[in-house]
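Here is the structure we will look at.
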Amino acid sequence: MFCKNCGEAINDNQAICIKCGVKVGEGNAFCSNCGNALAENADVCMSCGVAVKKASDYLAGQDKTVMILICLFLGGLGIHNFMMGETKKGIFKIIMSFCCGIGGILALIDLIKIAMGNYVVDPNKLV
């Protein structure tokens, strides 16, 4: 594994790159698979052929339009969180919906983030 910011080889268990101090998975200058430099706005590494995942496009493999619709209609129950692998967030929203009634407000915040492309599922925190 390589740092996507500086290209330095890093251990799979590291949280940050020791050389540049950037959180693992952040950056878009180098391929995380081979460590070679990437072309600007590249979708695929031309050295090893691995797809380059951009943080803003990452919704745990789910289609953005589908996630917007599910968040709109079932977001108060956290169904979109379960679909993206965020089990703890989903359970929290169910509890908040039944106890306090604020699950819908939390879902509205998620809906806006998904629509604007700012919602990022951290693959390291998935349960």
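The values are calculated or read from the model by the stated rules, or taken from the named source; none is laboratory data. As the structure is a prediction and not an experimental result, all values here were calculated from the model. No Cβ is skipped: glycine too gets one built from the backbone with ideal geometry, and neighbour counts run over all protein chains shown. We work out accessible area using only protein heavy atoms, side chains counted, and drop any ligands, DNA or RNA first. Shrake-Rupley method; radii C 1.70, N 1.55, O 1.52, S 1.80 Å.
The order of the peptides 111-120, 68-77 by mean Cβ neighbours within 10 Å, most packed first, is 68-77, 111-120. Here the stretch 108-122 is scanned for amide nitrogen atoms under 19 Å from the site 7 Å beyond the Cα of F92 along Cα-to-Cβ, giving 108-115, 118-122. Rolling a 1.4 Å probe over the protein heavy atoms gives the chain an accessible area of 63 Å² per residue.
Taking G78, G90, G49 as the candidate residues, the one with maximal mean-square fluctuation in a Gaussian network model of the chain, Cα springs under 10 Å, is G49. By accessible area, using a 1.4 Å probe on protein heavy atoms only, the chain has 60% of its surface on carbon and sulfur. Other residues lying with their Cβ under 12 Å from the Cβ of D110 contribute a combined charge of +2, Lys and Arg counting +1, Asp and Glu -1. Cβ-Cβ distance of K23 and A51, R₀ of 30 Å, FRET efficiency by 1/(1 + (r/R0)^6): the value works out to about 0.90.
The per residue volume of the convex hull around the alpha-carbon atoms of the chain is 110 Å³. On a 29 Å Cα-Cα criterion, which of the cross-link pairs K19/K64; K23/K113; K64/K88 come out too long? From K19/K64; K23/K113; K64/K88, over 29 Å: K19/K64.
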